[in-house]
Amino acid sequence: MRPYVILNAGMTLDGKIASKTGDTRISCREDIIRVHELRKRVDGIMVGIVTAIKDDPKLTAHKAKTPGRDPVRIVVDSRARIPLKANVFKGDARTIIAVSKKADERKLKEIEKKAEVIICGEDRVDLECLLEELYNRGIESVLLEGGGTLNWSMLKHRLVDKVSVAITPKIVGGKDAVSLVEGEGFETIAEGVRLRLEKHYELGDDLILEYEVLGNYKYPRTQ
Ligand SMILES: NC(=O)c1ccc[n+]([C@@H]2O[C@H](COP(=O)([O-])OP(=O)(O)OC[C@H]3O[C@@H](n4cnc5c(N)ncnc54)[C@H](OP(=O)(O)O)[C@@H]3O)[C@@H](O)[C@H]2O)c1
């Protein structure tokens, strides 16, 4: 059993989730509020370690207009590279750092003073194992908030159930600018993850697209 997973991102029309310099000020104000409202409706928010280091996000729902609890913050970090002063350790929200067996034991002891640790996988975090562990801890829904490398691994392993993107009317280009999905990619279009458009609407300057991921999945439908 694993949680229901929603991949969410703000991107430019050319599919970039950051500029080549790492600028991520993409979505409009209304979309940022939408994402914070969405955060309150899930049990966990998950990001890759590069996003946690580069953006140093709080991963809370502090910009939501309606009251509610913050979800559990989950960082996927094979070698426990997360800085001990990172914002994900601040505030009252619960934090989980997911690591592999390659993580340094002394660093893990320091992390355990501030957060929970889940060990899954030999060299890299085993995402199927992680999602099962999260489910066993009562986390039944997860908002996957990137970056492109983690998005690829989650999609490749068929661990995503819904994709929601806010497309901002900008084009930034750049072969080194991170795209919605990175990784090695599929060989052919036919192998690509199949989606079905569920909903689309304008929000501020952005266009919101919500897709169901098609395929055989093992999660219990909780929403
Ligand atoms: N616009 C948006 O909505 C948005 C949202 C999020 C991020 N971003 C941007 O995206 C960029 C970062 O994306 P990124 O692709 O470079 O990195 P990322 O996806 O944030 O993190 C990737 C890292 O996660 C770790 N990881 C551990 N286990 C993994 C697994 N099984 N599969 C994949 N990764 C695993 C790996 O590092 P280890 O091997 O060290 O563990 C890997 O290099 C930043 O510029 C950020 O600002 C934008």
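Among (1) among the acidic types (Asp, Glu); (2) touching a Pro at 6+ places or on another chain (Cβ under 7 Å); (3) surrounded by 22 or more Cβ atoms within 10 Å (Cβ to Cβ), where does GLU145 come up short?
Exception for GLU145: condition (2).
What pairs can you find where one residue is in the stretch 154-168 and within 18 Å of MET1 (Cα to Cα), the other is of a type in the set (S, T, N, Q), and their Cβ atoms are less than 9 Å apart, with a gap of 6+ or different chains?
ARG158/ASN216; LEU159/SER153; VAL160/ASN151; LYS162/ASN8
Going residue by residue through the stretch 10-18, is there one that turns out to be closer than 28 Å to GLY173 by Cβ, under 16 Å from the mean Cα position of the chain (by Cα), among the hydrophobic types (A, V, I, L, M, F, W, C) and in a strand (DSSP E or B)?
Yes, because at least one residue in the stretch 10-18 is closer than 28 Å to GLY173 by Cβ, under 16 Å from the mean Cα position of the chain (by Cα), among the hydrophobic types (A, V, I, L, M, F, W, C) and in a strand (DSSP E or B).
Residue check: is VAL181 at pLDDT 95 or above, of a type in the set (A, V, I, L, M) and out of contact with any strand residue (DSSP E or B) (no Cβ under 7 Å at 6 or more places or on another chain)? Break it down into steps so the answer makes sense when it comes.
Values: at pLDDT 95 or above: yes; of a type in the set (A, V, I, L, M): yes; out of contact with any strand residue (DSSP E or B) (no Cβ under 7 Å at 6 or more places or on another chain): yes.
The answer is yes for VAL181.
Kindly indicate whether SER100 is more than 30 Å from ASP14 (Cβ to Cβ), of a type in the set (Gly, Ala, Ser), touching a Gly at 6+ places or on another chain (Cβ under 9 Å) and surrounded by 15 or more Cβ atoms within 10 Å (Cβ to Cβ). Quick ask: steps written out before the conclusion?
Numbers: more than 30 Å from ASP14 (Cβ to Cβ): yes; of a type in the set (Gly, Ala, Ser): yes; touching a Gly at 6+ places or on another chain (Cβ under 9 Å): yes; surrounded by 15 or more Cβ atoms within 10 Å (Cβ to Cβ): yes.
When the stated conditions are applied, SER100 passes them.
Please identify the pairs in which a residue from the stretch 63-91 that is closer than 24 Å to ARG29 by Cα and within 14 Å of the ligand (Cβ to nearest atom) has its Cβ atom under 7 Å from the Cβ atom of a residue that is assigned to a loop (DSSP other than H, G, I, E, B) and hydrophobic (A, V, I, L, M, F, W, C), counting only partners at least 6 apart or on another chain.
Pairs found: ARG73/LEU59; ARG73/ALA93; VAL88/LEU59.
Report the residue count in the stretch 5-33 for those that are away from the ligand (no atom under 12 Å from the Cβ) and either more than 23 Å from GLY91 (Cβ to Cβ) or basic (Lys, Arg) (or both). First the steps, then the outcome.
First, pick out the residues of the stretch 5-33 that are away from the ligand (no atom under 12 Å from the Cβ): 5-6, 13-14, 28-30, 33.
Right, trim to either more than 23 Å from GLY91 (Cβ to Cβ) or basic (Lys, Arg) (or both) and you get 5, 13-14, 28-30.
Count: 6.
For (1) under 17 Å from ILE6 (Cα atoms); (2) in contact with a Lys or Arg (Cβ under 6 Å, 6 or more places away or on another chain); (3) modelled with pLDDT of 95 or more, each residue gets a yes or a no:
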{"position": "MET46", "(1), (2), (3)": "yes, no, yes"}
{"position": "ASP70", "(1), (2), (3)": "yes, no, no"}
{"position": "ALA80", "(1), (2), (3)": "no, yes, yes"}
{"position": "PRO83", "(1), (2), (3)": "no, no, yes"}
{"position": "ASP92", "(1), (2), (3)": "no, no, no"}
{"position": "SER100", "(1), (2), (3)": "no, yes, yes"}
{"position": "GLU105", "(1), (2), (3)": "no, no, yes"}
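Among the residues of the stretch 177-212, write down those that are of a type in the set (Val, Ile, Thr), out of contact with any Leu (no Cβ under 6 Å at 6 or more places or on another chain) and either assigned to a loop (DSSP other than H, G, I, E, B) or touching a residue at least 24 places away in the same chain (Cβ under 8 Å) (or both).
Narrowing the stretch 177-212 to residues of a type in the set (Val, Ile, Thr): 178, 181, 188-189, 193, 208.
Now narrow it down to the ones that are out of contact with any Leu (no Cβ under 6 Å at 6 or more places or on another chain): 178, 181, 188-189, 208.
Within the stretch 177-212, VAL178, VAL181, THR188, ILE208 qualify.
Restricting to the stretch 55-73, give me the number of residues that are charged (D, E, K, R) and either under 14 Å from the mean Cα position of the chain (by Cα) or surrounded by 17 or more Cβ atoms within 10 Å (Cβ to Cβ) (or both). Don't jump to the end; show me each part of the working.
Going through the stretch 55-73, the residues charged (D, E, K, R) turn out to be 55-56, 58, 63, 65, 69-70, 73.
Those still in the list that are either under 14 Å from the mean Cα position of the chain (by Cα) or surrounded by 17 or more Cβ atoms within 10 Å (Cβ to Cβ) (or both) too: 55-56, 58, 70, 73.
The number of residues fulfilling the criteria is 5.
Take SER153 and decide whether it is within 20 Å of LYS54 (Cα to Cα) and of a type outside the set (Asp, Glu). Let's see the steps before the verdict.
Numbers: within 20 Å of LYS54 (Cα to Cα): yes; of a type outside the set (Asp, Glu): yes.
Yes.
Name the one entry in GLU122, GLU112, GLU182 that is more than 18 Å from the chain's Cα centre (by Cα), within 12 Å of the ligand (Cβ to nearest atom) and of a type in the set (D, E, K, R). If you could, list the steps in order and put the result at the bottom.
Details: GLU112 fails: within 12 Å of the ligand (Cβ to nearest atom); GLU182 fails: more than 18 Å from the chain's Cα centre (by Cα).
Answer to the selection: GLU122.
Quick one: count up the residues across the stretch 20-39 that are under 19 Å from LEU207 (Cα atoms) and either of a type in the set (Ser, Thr, Tyr) or in a loop (DSSP other than H, G, I, E, B) (or both).
Summing the residues that are under 19 Å from LEU207 (Cα atoms) and either of a type in the set (Ser, Thr, Tyr) or in a loop (DSSP other than H, G, I, E, B) (or both) in the stretch 20-39 gives 5.
So GLY173 clears everything in (1) within 14 Å of the ligand (Cβ to nearest atom); (2) surrounded by fewer than 19 Cβ atoms within 10 Å (Cβ to Cβ); (3) outside any helix (DSSP H, G or I); (4) in contact (Cβ under 8 Å) with a residue 40 or more places away in the chain except one condition, right? Which one?
So GLY173 meets the others, but not (1).
The values are calculated or read from the model by the stated rules, or taken from the named source; none is laboratory data. Computed from a predicted structure; not experimentally measured. Heads up, the Cβs are rebuilt from the backbone with ideal geometry, glycines too, and the neighbour counts pull from every protein chain shown.
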